[in-house]
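Engineer: Provided herewith is a single structure, encoded as structure tokens, for subsequent inquiry.
Every number here is computed from the coordinates shown, using simple stated rules; none is lab data. As the structure is a computational prediction, the values presented were derived from the model and not from experiment. Positions of Cβ are backbone-derived with ideal geometry, glycine not excepted, and every protein chain shown enters the neighbour counts.
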Amino acid sequence: VKESGKNDCMLYSDSWSNSSLERLTLQHEMYRAIQRCEFVLHYQPQYDLGSGTMVGVEALVRWNHPQRGMIPPGSFIPLAEESGMIVQIGDWVLEEACRQNKAWQEAGLPSIPVSVNLSIRQFVQNDLASKVSDVLTRTGLDPKYLDLEITESMTMDVSHVSRCLLDLTELGVNISVDDFGTGYSSFHYLKNFPIDRLKIDRSFVRDIQQDPNDAEIVAAIIAMAHNLNIQVIAEGVETEGQMEFLRKHKCDEMQGFFWSPPVSSDNIEQMLTPGYV
Ligand code: C2E
Ligand code: CA
Ligand code: CA
Ligand code: CA
């Protein structure tokens, strides 16, 4: 026990010093990656629970690092947010997602919205709505095929975000609240912001069949959202049982490994092609 305690301690201090060097290195490499366009988007399908058809995709960024290989967003987005580089990365993600969606449409595939994750940092700048408007003009994407996912943040300025969201809504894009239920101000969001859709966080979906409290919470979120004219999508759906529960409670859409993980744009193209099974 003593020995393993000591090892833990050494491991801890090792990883601590590694991680501050690692962070600096990553930060430097990330700056370079923006110049060299090392980021790629994968897309996770979103399905209508009634008909089972693909009704949207969520764009999820990855960093295709020349030495380290494909780095998942969880390993660099927090650092990008801390350093402010998320703004440049986010600009690229937005433009690329819109460009790709327009390209699918021009290839004659069914038109579906693409969801793009926004960081709170992107709201802090004053020109988010005009940036989005410029991207839509440049790519030629109809605003109704763009959905912006926002999350709660305790540090945000409510009136500023509210103004920003109204400007975005006026452009004709959709607004979704991501990870709904995990923050401190979920209801505040619904009350004050023009929200089209909420995404039930996967922590509630996970135990939907084992935990009666989670089942009640999810059923209540769906009912409440519908009373407020807000669409509901459940994320992290991994089993048929979860899907059946959601369908029974009239959840509108679902996203999760049960039907598809995030995949490349080529794969989405195939999945959108009529006759795909
Ligand atoms: P998120 O927005 O909640 O995205 C959903 C995450 O859950 C994705 O992880 C997806 O692969 C994963 N997921 C989907 N279905 C399932 C499932 O059935 N089970 C489980 N266990 N997981 C599932 P990913 O791609 O690693 O992204 C992680 C997070 O990184 C995202 O969480 C989002 O917060 C952030 N992120 C990704 N792309 C961007 C981006 O372009 N901008 C910003 N600001 N954040 C991003
Ligand atoms: Ca999301
Ligand atoms: Ca989410
Ligand atoms: Ca989440």
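Engineer: Given H placed on each backbone N at 1.01 Å, which residues far from H65 in sequence or on other chains put an amide H within less than 5 Å of it?
Structural biologist: The answer is M70, I71.
Engineer: Once phi is turned into ³J(HN,Hα) by the Karplus curve 6.51 cos²θ - 1.76 cosθ + 1.60 with θ = phi - 60°, what whole-Hz value does each residue of the stretch 183-189 show in order, with x for glycine and proline?
Structural biologist: With coefficients 6.51, -1.76 and 1.60, one gets x, 9, 10, 3, 6, 4, 4 Hz.
Engineer: Now for a different question. Could you sort 201-214, 115-128 so that the peptide with the highest average Cβ count within 10 Å comes first and the rest follow in order?
Structural biologist: Details: 201-214: 16.2, 115-128: 18.5.
The most tightly packed comes first, giving 115-128, 201-214.
Engineer: Which aspartates and glutamates, on any chain, are close to K102 with Cα under 13 Å apart, when same-chain ones fewer than 8 places away are left out?
Structural biologist: D142, E269
Engineer: Under the rule of -39500 (n - 2.57) per DSSP H run of 4 or more residues, summed and divided by the residues of the chain, what mean residue ellipticity at 222 nm is obtained, to the nearest 500 deg cm²/dmol? Let's see the in-between values first.
Structural biologist: On the way: 11 runs with 138 residues, N = 277.
Result for the chain, helices only: -15500 deg cm²/dmol.
Engineer: Over the stretch 194-277, calculate the relative contact order: mean separation of alpha carbon pairs under 8 Å at least 6 apart, over the residue count, as a percent.
Structural biologist: So the answer I get is 28 percent.
Engineer: Please state the relative contact order of the chain as a whole percent: Cα pairs under 8 Å, 6+ residues apart? Let's see the in-between values first.
Structural biologist: Details: 406 pairs, mean separation 48.6, N = 277.
Relative contact order here is 18 percent.
Engineer: Ordered by residue, what ³J(HN,Hα) values in Hz, to whole numbers, does the stretch 108-117 give under the Karplus form 6.51 cos²θ - 1.76 cosθ + 1.60, where θ = phi - 60° and Gly and Pro are x?
Structural biologist: Values per residue, Gly and Pro as x: x, 7, x, 7, 9, x, 10, 9, 10, 6 Hz.
Engineer: With point charges of +1 on the Cβ of Lys and Arg and -1 on the Cβ of Asp and Glu, referenced to the Cα centre of the chain, which listed residue (F204, H28, G275) lies farthest in the positive direction of the dipole?
Structural biologist: H28
Engineer: Among 52-58, 67-73, how do they line up by average Cβ neighbours within 10 Å per residue, starting with the highest?
Structural biologist: Averaged packing, sorted descending, gives the order 52-58, 67-73.
Engineer: Which cross-chain or sequence-distant (5 or more) residues have an amide H under 5 Å from the amide H of D252, H modelled 1.01 Å from N in plane?
Structural biologist: Counting only residues 5 or more places away or on other chains, the set is V232.
Engineer: At 0.36 nm per residue, minus the direct Cα-Cα distance, what do R247 and D142 gain on full extension? Give it in nm, one decimal, please.
Structural biologist: 34.8 nm
Engineer: Under the rule of at least 5 residues apart or a separate chain, name every residue whose amide H is placed under 5 Å from the amide H of S115.
Structural biologist: Answer set, sorted by chain and number: V57, E58, A59, D147.
Engineer: How would you rank 86-93, 39-46, highest first, on the average number of other Cβ atoms within 10 Å across their residues?
Structural biologist: Working: 86-93: 19.2, 39-46: 21.4.
So the peptides 86-93, 39-46, ranked by packing, come out 39-46, 86-93.
Engineer: Report for the chain the percent antiparallel among DSSP-assigned beta bridges with both residues inside it, nearest 5.
Structural biologist: Numbers: 15 of 36 bridges.
Expressed as a percentage, antiparallel bridges in the chain total about 40.
Engineer: Still on this structure, please answer the following. Work out the count of Lys pairs in the stretch 110-269 where the Cα-Cα distance is under 21 Å, with the pair 8 or more places apart or on different chains.
Structural biologist: On the way: K131/K144; K144/K199; K191/K199; K199/K248; K199/K250.
Step by step, the pairs that qualify in the stretch 110-269 add up to 5.
Engineer: Moving on. Which of the trypsin sites (Lys or Arg not before Pro) across the stretch 215-256 are loop residues per DSSP, with 15 or fewer other Cβ within 10 Å?
Structural biologist: Those satisfying the criteria are K250.
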